[in-house]
Amino acid sequence: MTFQARIERGAPLAIDTGKAQVTFTLTILIVSLVLQRFAIPLGQQQISVGVPIVAALGLWYVWTGALDFDRRRVAILFGLSALLMLSYSHAVNSPFGFVTKISLGSLIYFLILSSLAVLRFSEPMEEGLFFRTVTGVLAFIAICGIVEFAAQFVGLSLFTFSDFVPGQFSFEPSYNVVIPFGNGNHFKSNGLFLVEPSVFSQFMAIGLACEWVGPRRPLFVALFVFALFSAVAGTGWLAVGGFVAYIGLTSGSRGLMTAIGFTCVCVIAFAIVSFVLPDVAEMLTGRIDEFGVQGSSGNGRFVTPFMVSNYIFDLAPTAFLFGTGPGSSDTFSVISYVYGLSTPIKILLEYGIGALLAYLALLLTNTRTPNQTAVAVPAMIVFLFGGTYEHFPPLLFPVLLICTIANLRPSETAPLSARR
């Protein structure tokens, strides 16, 4: 059930809802992908250029009726807000000795970004059109990434904008934009516009899933698979694995055959890449051992978050309930090693278990089509485990679009079983 946040509009405000949905989808994807590295300086901080653009367009479409509010998610957002303020109050009045900094601004920014989740399409959009729109933009990014990767072999370097974009207007200084592999003479593709190869691989995994549940065009499937290989990153392949497992386990015998066919496509592509670019294949297979190697990307992304959280909760058990305060997880004085944080672990550490559960409910409360649910699996794997993204609009916004905002109706002929 939703309540309609519309006005009685006359002819000047009457719009084509279908076109508005496509425009909103394209806008979120373009500003999140093509403009991903560009920032607006705000004091000592930076915000994504996509934040004011998406906010303005979202308000306009609420005003004209193309978007409305989901009543369940509005209630969840109010509950989340109360829990965040409770955590902040606890951190101020009962500070932990190992926390060197808390930030009210971090809390406010978190709430502003999360508030996008209360929106939904006012009328169901045909899922085939939605997925074609998403894959169209992601296919453009895939082409750019493959061209960028291939260009280095003819002496062209297209990996960074630092030569013509000042640092205060760019996120590049905060990310590993240019990463070598193999003997160090070649570099992983970052999709030309994206902040890191791992982010490029994550979006390609989502694109591959959208294409597979949608039109399943061989050219597009091949495009996304080879873009994944050009990123030479493991997180995208983890999302692909989650997608394959989901369709294999939930869609009956047809889903199992789909999962087997999907796996065969990836294996064939891997064999081709192993023959043409053995360094890429060796790098990908070698990353399996990273989880146990301290200082490696895999260890930092998937192991150290649990090490840090276990240590903090042993040191301060009440932090499990209330958190250590907004913005505090990057400043723990008792942690002597370099560590990473995934999205849920960061929220758990800073705001407590109640806020984490409310946040997950905010993201996941939606009535999805079977195909939309299948795509939501890799999207949520990317968002929850691919990095720390609750403050990173270029990834948060597309995930919210796919999993939460999009109100879709099934296509008449859908590749996956129409199980409910």
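The values are calculated or read from the model by the stated rules, or taken from the named source; none is laboratory data. It should be emphasised that the depicted structure is a prediction, and the values quoted were computed from it without experimental measurement. Don't worry about glycine lacking a Cβ; one is built from the backbone with ideal geometry, like all the others, and counts go over all protein chains shown.
The figures follow:
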item: Any hit, region 123-131, residues being in contact (Cβ under 8 Å) with a residue 60 or more places away in the chain, within 22 Å of Ser201 (Cβ to Cβ) and out of contact with any Ser or Thr (no Cβ under 6 Å at 6 or more places or on another chain); result: yes
item: Scan of region 215-233 for residues that are part of a loop (DSSP other than H, G, I, E, B) and buried (at least 24 other Cβ atoms within 10 Å of the Cβ), ordered by number; result: Val232, Ala233
item: Selection within region 235-260 - more than 25 Å from Ser198 (Cα to Cα) and assigned to a helix (DSSP H, G or I); result: Gly248, Leu249, Thr250, Gly252, Ser253, Arg254, Gly255, Leu256, Met257, Thr258, Ile260
item: Count - residues of region 251-282 that are modelled with pLDDT under 70 and surrounded by fewer than 17 Cβ atoms within 10 Å (Cβ to Cβ); result: 1
item: Unique match (being without any contact (Cβ under 8 Å) to a residue 60 or more places away in the chain and aliphatic (A, V, I, L, M)) among Val221, Val240; result: Val221
item: Check on Val195, in contact with a Ser or Thr (Cβ under 9 Å, 6 or more places away or on another chain), in contact (Cβ under 8 Å) with a residue 12 or more places away in the chain and outside any strand (DSSP E or B); result: yes
item: Filtered residues of region 145-174 (kept if buried (at least 18 other Cβ atoms within 10 Å of the Cβ) and not in a helix (DSSP H, G or I)); result: Phe159, Ser170, Phe171
item: Positions within region 330-367 being among the acidic types (Asp, Glu) and under 15 Å from the mean Cα position of the chain (by Cα), in sequence order; result: none
item: Residue match in region 176-186 (condition: assigned to a loop (DSSP other than H, G, I, E, B) and either in contact with a Gly (Cβ under 7 Å, 6 or more places away or on another chain) or of a type in the set (Phe, Trp, Tyr) (or both)); result: no
item: Residue match in region 191-199 (condition: surrounded by 15 or more Cβ atoms within 10 Å (Cβ to Cβ), acidic (Asp, Glu) and farther than 18 Å from Leu238 by Cβ); result: no
item: Positions within region 144-199 being touching a Pro at 6+ places or on another chain (Cβ under 6 Å), of a type in the set (S, T, N, Q) and more than 25 Å from Leu223 (Cα to Cα), in sequence order; result: Gln168
item: Qualifying position, being within 19 Å of Gln36 (Cα to Cα) and without any contact (Cβ under 8 Å) to a residue 60 or more places away in the chain, among Phe203, Phe159; result: Phe159
item: Residue within region 214-236 that is touching a Gly at 6+ places or on another chain (Cβ under 7 Å), of a type in the set (Phe, Trp, Tyr) and farther than 21 Å from Phe392 by Cβ present; result: yes
item: Any hit, region 364-372, residues being in contact with a Gly (Cβ under 9 Å, 6 or more places away or on another chain) and at pLDDT 95 or above; result: no
item: When residues of region 202-214 are limited to those that are within 11 Å of Phe131 (Cα to Cα) and assigned to a helix (DSSP H, G or I), the one nearest to the chain's Cα centre (by Cα); result: Ile206
item: Residues located in region 368-407, provided they are within 8 Å of the chain's Cα centre (by Cα) and among the β-branched types (Val, Ile, Thr); result: Val382, Val399
